[in-house]
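> Sending over a structure as structure tokens; questions will come in a sec.
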Amino acid sequence: MAGAKVLKKRIAVVRNTRKITRTMEMVSTAKSKRMVTRVNASRPYNEKILEIMESMEHLAGETVLPLLRTTETPHRIGILVVTANRGLCGGYNANVLRMARNRIVEHQKLGREVEIVVIGKKGSAYFKFLKLPMKQVIIDIDDAFQYDQAKQIADSFISDFSMGHYDGVEVISTIYVSSVLQKPIIDPILPVGTHKKDESSRAPKKEKKNHSAFLFEPDPKFILKRILPHVIRATIFRKILEAVTSEQIFRRIAMKNASDNAGEMTKLLSRTYNRKRQAGITQELAEIVSGADAIG
């Protein structure tokens, strides 16, 4: 019965593991619902500020501002990579990091210098393993993060880009499209205006309006100067918000699959254990009958 004892221990281990994964699934479900609510609540502001930007885009060519500066041959690119602090969330981290590495290689082949800012311990560990230097590592982003944290990150990029340290800034993160679709994307956010392509692909197209008759008070340059930083801050806030939401959804799915697999494994091991136990009992009965016959 030694084999049966081993199976019994394995069944107990699998059942305990299933309790853990089931609990993690329920926690991730609650967190993902709360994060989806935050994402939906933030969308009206993002949509309105982008709508304002679109109403003024015809003035961009007439206005010289640091955040609108474009360079034909960029030399240095800043990349913000958004990952998680923890694993057990399926391919969430792997998908983003694979895309980030490929993007870095593309820039390097074009002779561009790349500076990496990483959110999450998983991203930090990955780039350390690749021996790629990181300008900054941020590990205090979780499902309770606030706008002020995103503002600090955005202001750092705004300052570096305005001073000419960067010729472009990109964000590589997982976007939340719906509860059944989350995907990693590369979104250029500086200079301002380059990220609109992604927004238009996700939002329903609206009929373009004629803004030539609009009067601006104060002048358009002043308005753009004040609104452009808000566009970057709102974009980075939304990117992080959607990434954290996607992380919780990925973890919920991963833990559900783990719980289901643990349940199937428990059934299989229990079936095997019962067969071995029955075989042992049958053998013992046969030995008793044989002994009785020999005595008789």
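> Within segment 1-48, how many residues are β-branched (V, I, T), touching a Leu at 6+ places or on another chain (Cβ under 9 Å) and more than 13 Å from G263 (Cα to Cα)?
Qualifying residue count for the region: 1.
> Also, quick follow-up: Looking at V289, V244, which one is of a type in the set (A, V, I, L, M, F, W, C), surrounded by 13 or more Cβ atoms within 10 Å (Cβ to Cβ), assigned to a helix (DSSP H, G or I) and out of contact with any Leu (no Cβ under 7 Å at 6 or more places or on another chain)?
Criteria check complete, one pass: V244.
> Then there is this: Counting only residues that are of a type in the set (A, V, I, L, M, F, W, C) and not in a strand (DSSP E or B), which one in segment 152-177 is surrounded by the fewest Cβ atoms within 10 Å (Cβ to Cβ)?
M163
> With G111, G123 as the choices, which residue is in a loop (DSSP other than H, G, I, E, B) and free of Cβ contacts under 8 Å to residues at least 60 places away in the same chain?
Only one candidate passes the filter, namely G111.
> Further, regarding this structure: For segment 71-108, how many residues are touching a residue at least 40 places away in the same chain (Cβ under 8 Å), hydrophobic (A, V, I, L, M, F, W, C) and not in a strand (DSSP E or B)?
6
> Can we say E284 is of a type outside the set (S, T, Y) and under 25 Å from the mean Cα position of the chain (by Cα)?
no
> Oh, and also: Report whether or not D140 is surrounded by fewer than 14 Cβ atoms within 10 Å (Cβ to Cβ), among the charged types (D, E, K, R) and part of a loop (DSSP other than H, G, I, E, B).
Yes: the conditions hold for D140.
Condition check ((1) in contact with a Pro (Cβ under 9 Å, 6 or more places away or on another chain); (2) at pLDDT below 95) across all residues:
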{"residue": "R69", "(1), (2)": "yes, yes"}
{"residue": "T73", "(1), (2)": "no, yes"}
{"residue": "R101", "(1), (2)": "no, no"}
{"residue": "G111", "(1), (2)": "no, yes"}
{"residue": "K128", "(1), (2)": "no, no"}
{"residue": "D140", "(1), (2)": "no, yes"}
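> OK, next. N85 fails exactly one of the following numbered conditions: (1) at pLDDT below 90; (2) within 30 Å of F127 (Cα to Cα). What is the number of that condition?
N85 satisfies every listed condition except (1).
> Additional query: On the basis of being surrounded by 14 or more Cβ atoms within 10 Å (Cβ to Cβ), within 25 Å of the chain's Cα centre (by Cα), more than 30 Å from L269 (Cβ to Cβ) and modelled with pLDDT of 85 or more, does I49 make the cut?
Judged against the criteria, I49 is not a match.
> Separate question: Looking at F216, F222, which is the one that is part of a loop (DSSP other than H, G, I, E, B), more than 23 Å from the chain's Cα centre (by Cα) and modelled with pLDDT under 90?
F216
> In this structure, is P188 within 25 Å of I49 (Cα to Cα) and either touching a residue at least 24 places away in the same chain (Cβ under 8 Å) or not in a helix (DSSP H, G or I) (or both)?
Criteria met by P188.
> Hey, another quick one. Quick check: anything in segment 129-142 within 30 Å of R252 (Cβ to Cβ) and out of contact with any helix residue (DSSP H, G or I) (no Cβ under 9 Å at 6 or more places or on another chain)?
Scanning segment 129-142 turns up at least one residue that is within 30 Å of R252 (Cβ to Cβ) and out of contact with any helix residue (DSSP H, G or I) (no Cβ under 9 Å at 6 or more places or on another chain).
The values are calculated or read from the model by the stated rules, or taken from the named source; none is laboratory data. Every value quoted in this text rests on a predicted model; they were computed, and no experiment measured them. So basically every Cβ, Gly included, is an ideal-geometry build from the backbone, and we count neighbours across all protein chains shown.
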